[in-house]
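Undergrad: Supplied in structure tokens, the structure appears directly below.
The values are calculated or read from the model by the stated rules, or taken from the named source; none is laboratory data. Just so it is clear, the model here is predicted, and its values are computed rather than measured. Here the Cβ is made from the backbone with ideal geometry for all residues, glycine too, and neighbour counts use every protein chain on show.
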Amino acid sequence: MPRIHDILTALEQQIPLILAEPWDNVGLLLGDAQNEAAGVMTCLTLTADVADEAIREGANLVVTHHPILFKAIKRLTTETVEGRMLLKLIRAGVSVYSPHTAFDSAREGINQQICEALGLRDIQPIRPRPPSVEGAGRAGQLAFPLRLSELIQRLQEICPAERYTFVGDADQTCKMVGVACGAAGEFLPDAAALGCHVLVTGETRFHTCLEARALDTALIMVGHYASERPGVEQLAAALKTLWSPLKVWASQVETDPITFSA
């Protein structure tokens, strides 16, 4: 069986951590990379129920999109929900790794996956990092113009969610589409400057919605969970292909914490 180090080395070849945003906390955040890998679980966010699933089902490596220990902590005790979860993972010998914004921006990362699923052409980073073709966000051209409502219908097949919110006219024509998963409304001015007719993101602030209207750039908010959860499912499938003897899966208990009233 491979060591956890072997899996992480292969992962970082596909998702270079150098692509992460400066403020991010990525890489191995908990555990011993020299341990032999017993099982790997991916998830969007490592919560207490997801951690219990990893331990129960025999994973000793969790690849979580959103980092644990995002901010510095001064105490690790059972007095907090996070502390209880982390101590349980430590006792069970579970390592935790997060690629976060590096995965968003990688050549085959989440934003690229959404663009390819939409069939976009001439895909480019919204914020390139010269001389690399990689960078943050993505933008590309639809093969044929779509009404905003039609684009929303297509996105529902890629990033399923109970409900989307959007800014713009449902009948307006979209040709160039920007994509920035998660909470990425700050990409709106960059997308508009590139000539995007619409920016697809997970969620954003009210004032960004007003800015979108002022810029005459449509904004589709598919939900934070819906924009990123398919990516961690694809990541599990890719790891399973590389390490077929291992049990590898995407968390089955993880759900979107947001629901909508009838």
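Undergrad: Looking only at the range 48-56, decide whether some residue is closer than 21 Å to I258 by Cβ, part of a strand (DSSP E or B) and touching a helix residue (DSSP H, G or I) at 6+ places or on another chain (Cβ under 6 Å). Even if it seems obvious, please write down each step before you answer.
TA: Taking the range 48-56 and keeping what is closer than 21 Å to I258 by Cβ, we get 48-51, 53.
From the residues that got through so far, the ones that are part of a strand (DSSP E or B) too are none.
No: the range 48-56 contains no residue that is closer than 21 Å to I258 by Cβ, part of a strand (DSSP E or B) and touching a helix residue (DSSP H, G or I) at 6+ places or on another chain (Cβ under 6 Å).
Undergrad: Considering only residues that are acidic (D, E) and not in a strand (DSSP E or B), look in the range 166-219 and name the one that is nearest to L146 (Cα to Cα). Give the derivation first.
TA: Step one: list which residues in the range 166-219 are acidic (D, E), which gives 169, 171, 186, 190, 203, 211, 216.
Still in the list and also not in a strand (DSSP E or B): 169, 171, 186, 190, 211, 216.
Details: D169: 12, D171: 9, E186: 24, D190: 22, E211: 23, D216: 16 Å.
Ranking the candidates gives D171 first.
Undergrad: For the range 69-105, what are the residues that are surrounded by fewer than 21 Cβ atoms within 10 Å (Cβ to Cβ) and among the hydrophobic types (A, V, I, L, M, F, W, C)? Please lay out each step first, then the result.
TA: Our first condition is that a residue be surrounded by fewer than 21 Cβ atoms within 10 Å (Cβ to Cβ); within the range 69-105, this holds for 69-85, 87-88, 90-93.
L69, F70, A72, I73, L76, V81, M85, L87, I90, A92 - these are the residues of the range 69-105 that are surrounded by fewer than 21 Cβ atoms within 10 Å (Cβ to Cβ) and among the hydrophobic types (A, V, I, L, M, F, W, C).
Undergrad: Tally time: how many residues in the range 139-175 are crowded, with 19+ Cβ neighbours inside 10 Å, at pLDDT 95 or above and among the aliphatic types (A, V, I, L, M)?
TA: 8
Undergrad: Checking A236 against (1) in contact with a Ser or Thr (Cβ under 6 Å, 6 or more places away or on another chain); (2) buried (at least 21 other Cβ atoms within 10 Å of the Cβ), only one condition comes out false. Which one?
TA: (2)
Undergrad: If you check every pair at least six apart or on different chains, which have Cβ atoms under 8 Å apart with a residue in the range 62-76 that is over 17 Å from K88 (Cα atoms) first and a residue that is of a type in the set (D, E, K, R) and surrounded by 21 or more Cβ atoms within 10 Å (Cβ to Cβ) second?
TA: Cβ pairs passing all conditions: H65/E228.
Undergrad: Can you tell which of A180, A191 is small (G, A, S) and under 17 Å from the mean Cα position of the chain (by Cα)? Break it down stepwise before answering.
TA: Numbers: A191 fails: under 17 Å from the mean Cα position of the chain (by Cα).
Only one candidate qualifies: A180.
Undergrad: Additional query: Which residue pairs have Cβ atoms closer than 6 Å, lie 6 or more positions apart in sequence or on different chains, and pair a first residue in the range 14-26 that is within 17 Å of V62 (Cα to Cα) with a second residue that is among the hydroxyl-bearing types (S, T, Y) and modelled with pLDDT of 90 or more?
TA: Sorted first by the residue in the range 14-26, then by its partner, the pairs are V26/S98.
Undergrad: Tally the residues that are more than 18 Å from W249 (Cβ to Cβ) and of a type in the set (D, E), restricting the search to the range 1-56.
TA: 6
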